[in-house]
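Peer 1: The structure that follows is given in the form of structure tokens.
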Amino acid sequence: MRESQKKLRKIALSDVAVKDKISKLPATKWLEYIATIFAGVKLMIHMIAFEGVPVVVHCSDGWDRTSQLTSLLEIVLDPYYRTMEGFEVLIEKEWLSFGHKFDQRVGHTSKDGKDSERSPIFLQFLDAVFQLLVQFPNAFEFNLNFLKTISNHLYSCCFGTFLFDSEMARVDAKLREKTISLWSHINYHKSNFSNPLYKSVPDILCSKFDFPLQFWKENYLSWNDYHTDLGF
């Protein structure tokens, strides 16, 4: 994952035309990893929705792939998590409260760019949601700017939402007293993140995941436009 992200970052920041950047994308295997995540979600949906069989989701540590898969599964099965409020609740529940190590995976407090604990787990999740939103533009209450804003502030440290590795650490650091939540910012400017095409879809969003994956250029290449380096 780390090497794939490094290659993607190098392409995004390179001084070449957009079409040339996209032509180099397969070498990063970025979309291959996204496809692998969807393969896991597809299997779980088949077991739960069509076979009526419960599933246990657990990766090696329990806070990386587990959160990716369960979050995407809930988005596909439950329309509540396709709303703005529901998506915020989902991140709080499956990522923050569940113990995803944002500090280690993003490297907020580390100056070592080669830190072996860094990995774009949450960014991959956002990319997967981007793929769903593109394929089903009427099914989500939020728009692409909503996802892009979350992605940007995953690295910006402008808000306290994604700081530290656990809820205990955030409580000990008194983040609620010292920082503003990203959700407060987004909900205050809700009109900027609302999808005018939204129509609640009560059914399972999809089950085959046979659609082509797209490069999220609005997110990754915009960083190059502003000549920023936020850790991506």
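The values are calculated or read from the model by the stated rules, or taken from the named source; none is laboratory data. Please read these numbers as outputs of a predicted model, since none were measured by experiment. No Cβ is skipped: glycine too gets one built from the backbone with ideal geometry, and neighbour counts run over all protein chains shown. In case anyone asks, the SASA skips ligands and DNA or RNA and just uses the protein heavy atoms, side chains included. Shrake-Rupley method; radii C 1.70, N 1.55, O 1.52, S 1.80 Å.
Peer 1: Separation between the LYS29 and GLU92 pseudo-spin-labels, each 7 Å from Cα along Cα→Cβ, expressed in nm?
Peer 2: 3.8 nm
Peer 1: Please compute the net charge surrounding GLY160, taking Lys and Arg as +1 and Asp and Glu as -1 over other residues with Cβ under 10 Å from its Cβ.
Peer 2: Working: positive: ARG170, LYS174, ARG176, LYS178; negative: GLU177.
With Lys, Arg at +1 and Asp, Glu at -1, the net is +3.
Peer 1: In whole percent, how big is the carbon plus sulfur part of the accessible area of the chain, probe 1.4 Å, protein atoms only?
Peer 2: Values: 6520 of 11840 Å².
In the chain, the share of accessible area belonging to carbon and sulfur is 55 percent.
Peer 1: What whole-number distance in Å separates the alpha-carbon centres of the range 84-146 and the range 22-59?
Peer 2: 16 Å
Peer 1: Where does the range 1-76 land on Rg(C-alpha)/(2.2 N^0.38 Å)?
Peer 2: Values: Rg = 16.3 Å, N = 76, 2.2 N^0.38 = 11.4 Å.
The range 1-76 yields a ratio of 1.42.
Peer 1: Please get the size of the charge dipole for the chain, origin at its Cα centre, with Cβ charges of +1 on Lys and Arg and -1 on Asp and Glu, quoted in debye to the nearest 20. Show your work: numbers first, answer last.
Peer 2: Details: 27 positive and 28 negative charges, 127 e Å.
With only Lys, Arg, Asp and Glu charged at Cβ, the dipole is about 620 debye.
Peer 1: Would you mind calculating the gained length between VAL18 and ALA173 on full extension (0.36 nm times residue separation, minus the Cα-Cα distance), in nm to one decimal?
Peer 2: Working: separation 155, 0.36 × 155 = 55.80 nm, distance 4.20 nm.
Difference between extended and current length: 51.6 nm.
Peer 1: Among rounded, prolate and oblate, which fits the range 125-232 when a ≥ b ≥ c are the square roots of the eigenvalues of its C-alpha gyration tensor, a/c under 1.5 means rounded, and a/b larger than b/c means prolate?
Peer 2: Values: a/c = 1.90, a/b = 1.52, b/c = 1.25.
Judged from the Cα gyration tensor, the range 125-232 comes out prolate (a/c at least 1.5, a/b above b/c).
Peer 1: Hey, what did the chain get for relative contact order, percent, Cα under 8 Å, at least 6 apart? Intermediate values should be presented prior to the final figure.
Peer 2: On the way: 250 pairs, mean separation 61.6, N = 232.
Contact order relative to length: 27 percent.
Peer 1: Among PRO212, PRO120, PRO79, which one shows the highest mean-square fluctuation when the chain is modelled as a Gaussian network with alpha-carbon springs under 10 Å?
Peer 2: PRO212
Peer 1: Would the chain count as rounded, prolate or oblate if I go by the C-alpha gyration tensor, calling it rounded below 1.5 in a/c and otherwise prolate when a/b exceeds b/c, oblate otherwise? Don't skip to the answer; put the middle values down first.
Peer 2: Details: a/c = 1.30, a/b = 1.11, b/c = 1.17.
In terms of gyration-tensor shape, rounded.
Peer 1: Further question: How large is the Kirkwood hydrodynamic radius of the range 40-92, counting all unique pairs of alpha carbons, in Å? Walk me through the intermediate numbers first.
Peer 2: Working: mean 1/r = 0.0860 Å⁻¹.
Taking every pair of different Cα atoms in the range 40-92, averaging 1/r and inverting gives 11.6 Å.
Peer 1: Show me 90-96, 213-219 ranked by packing, highest mean number of other Cβ atoms within 10 Å first. Display every interim value, and only then the final one.
Peer 2: Numbers: 90-96: 19.6, 213-219: 17.6.
The peptides rank, most packed first, as 90-96, 213-219.
Peer 1: In the chain, which helices (entire DSSP H runs) extend 20 Å or more along their own long axis, judged by Cα positions, while averaging at least -1.0 on the Kyte-Doolittle scale?
Peer 2: Working: long enough: 30-45 (23 Å, 1.43); 121-135 (22 Å, 1.62).
Membrane-span-like by this criterion, though nothing is claimed about a membrane: 30-45, 121-135.
Peer 1: Can you put VAL16, VAL57, VAL171 in order of accessible area, largest first, using a 1.4 Å probe?
Peer 2: VAL171, VAL16, VAL57
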